[in-house]
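Below is one structure, written out as C-alpha cells, with a few remarks after it.
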Amino acid sequence: MKAVVTIQHPAHVHFYRHVITELEARGHEVFVFARENDLAIPLLNAYGIPHEVLAGPQDSLSELARVQLAYELRLLRRVRAIDPDVMTAIGGVAVSHVAPLVGARSVVFVDNEGTTSHRITTPFAHVVATPRGYEEEYGPNHVRYDGFHELAYLHPAYFEPDPDALREAGVDPDDRYFVLRFRRWDALHDVGEAGLSLEGKRRLVSMLEEYGSVYITSTDELPADLEAYQLPVSPTRIHDLLYYADCYAGDSATMATESALLGTPTVRIQSFAAREADMSNFVELEQSYDLMRSTPDEERGLELIREIVDDPETSARWRNRRDRLFEDKIDVTAYVTALLCDQGGAPVQPVASPATAVATR
C-alpha cells in the first residue's frame, strides 16, 4: 500500500509519527508532505521523517486562501506521480479534495467542532474519524472512537517522560516550574476569536514567578520583556517539560489537551471557552475527568491558576484522574493504523488499548 500523509501543524507530526513507523514496519510506503510552520518542519527533521514542503505559512488570514490553493495544486501534482491508495490528514481540506482526483481513499481526522472549513472537507472525505464525544454528524462515512487525537503520542504505550533530557537542558524536573503557551490567531477557524492579551500574558508571568520558574512557548511574537522566558528545551522535549510542570496555562487548545492528558494541572484561556456549547473534548476533560479548567476571561483564568498553584495536593489529584482516563480510552495509534490499512474502505471498530487487552486475557 502507498499512503500519503499531510502535515500542517506541529501536533500533526506527533499524531502521525508512530503511525508512520507502524505502516513502514508492515511494508507499506509512506510519503509525507507538509506546509511550513513554526515548529512542524523542525519536528519532522528532528524525528528523521522524510518529507517534502509544498507551501509556506500565510502571514495573515487574507493570504490563507491563496496559500491553500497553491498547496492543493502542488499536492495534486505530486500524488499523481505516486498513485497512492490512501491519503490522510488532520482537518484534511487538501486531502479530501485531492484524493478523489487520483483514485485514493481519504481518511480525515477531526476534533474541533464548529469549524467553517469542515463544510468544504467532510462531504468529500471517504472516512471522517472523530472522538466518541464529538457532537457534529457527518453522515454514513463518519466513525467515532474512544480517545483523543493526542493519545496517538501521549498514551503510555508510546510516551515515557525523560527527566534526564530536561536536566541536560538545564531544567530540574523536581523544581517548581510552569509552562505557558501563546499562539497566533491567524487560522481560518480563528476568525472572531482571541486568546490572552499582551497585558494578560505579562500579569500571568509576573504572578507565576512568585512560585517558581516560568517557560514560554509562543507562535506569536513575544515582546522584549518576555523573550527571556522562552523554552530552554528543544521542541521534541516539550512533552517531557509539560509532564513535570506544576501547571500549564495558555490560549492553545492543542497544548492544553496535551497537558491535561499528561496529568498536569491545566488552565485554558481563550474565547472559544465562552461558547454556549464548548468543544466536546474540552467538556469531557473538564466535566468527566476534572483534568482541565477553561475560561474566556483573563481575570478568572488568573484566579484559577492561583488556586491550583496554592494547593499542595493538586499534582497528586491530577495524576490519579489521568490514570482513570487511560482506563477508559483506546490505543489511538493502533486505531489510526487499522483505519488506514482498511483497503475496503469500510469503517473499522475501535481497537482495545494495551491495558484493556491485558486485563481481558
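The values are calculated or read from the model by the stated rules, or taken from the named source; none is laboratory data. Keep in mind the model is a prediction, meaning the values are calculated, not measured. Don't worry about glycine lacking a Cβ; one is built from the backbone with ideal geometry, like all the others, and counts go over all protein chains shown.
If you filter the range 191-244 down to residues that are more than 26 Å from S271 (Cα to Cα) and without any contact (Cβ under 8 Å) to a residue 24 or more places away in the chain, you find that the one that is surrounded by the fewest Cβ atoms within 10 Å (Cβ to Cβ) is E210.
If the condition is being part of a helix (DSSP H, G or I) and either surrounded by fewer than 19 Cβ atoms within 10 Å (Cβ to Cβ) or among the acidic types (D, E) (or both), then the range 18-40 contributes T21, E22, E24, A25. Scanning the range 239-291 for residues that are among the hydrophobic types (A, V, I, L, M, F, W, C), closer than 22 Å to E136 by Cα and assigned to a loop (DSSP other than H, G, I, E, B) gives A277, M279.
Residues satisfying the criterion are absent from the range 75-86 (criterion: within 20 Å of T254 (Cβ to Cβ) and either not assigned by TED's automatic domain parsing to the domain that holds Y335 or not in a helix (DSSP H, G or I) (or both)). Quickly run through the range 292-320 and pick out the residues that are over 16 Å from D251 (Cα atoms) and surrounded by 18 or more Cβ atoms within 10 Å (Cβ to Cβ). The answer is I308, V309, W318.
For beta carbons closer than 7 Å, sequence separation of 6+ or different chains, a first residue in the range 302-316 that is assigned by TED's automatic domain parsing to the domain that holds R176 and a second that is of a type in the set (S, T, N, Q), the qualifying pairs are L304/T295; I308/T314. When the test is whether a residue is surrounded by fewer than 16 Cβ atoms within 10 Å (Cβ to Cβ), touching a residue at least 12 places away in the same chain (Cβ under 8 Å) and touching a Leu at 6+ places or on another chain (Cβ under 9 Å), A129 does not pass it. If you go through the range 160-168 one residue at a time, do you hit one that is out of contact with any Pro (no Cβ under 8 Å at 6 or more places or on another chain), assigned to a helix (DSSP H, G or I), modelled with pLDDT of 90 or more and crowded, with 16+ Cβ neighbours inside 10 Å? Yes - at least one qualifying residue is present in the range 160-168. Scanning the range 95-109 for residues that are over 17 Å from Y16 (Cα atoms) and either assigned to a helix (DSSP H, G or I) or not assigned by TED's automatic domain parsing to the domain that holds Y145 (or both) turns up S96, H97, V98, A99, P100, L101, V102.
Taken over the range 209-238, the criterion of being touching a Leu at 6+ places or on another chain (Cβ under 8 Å) and part of a helix (DSSP H, G or I) is satisfied by Y229, P235, T236, R237, I238. Do we have R74 as at pLDDT 90 or above and not aliphatic (A, V, I, L, M) here? Against the criterion (at pLDDT 90 or above and not aliphatic (A, V, I, L, M)), R74 qualifies. Within the range 143-172, the set of residues being more than 17 Å from F15 (Cα to Cα) and without any contact (Cβ under 8 Å) to a residue 40 or more places away in the chain comprises D164, R167, E168, D172.
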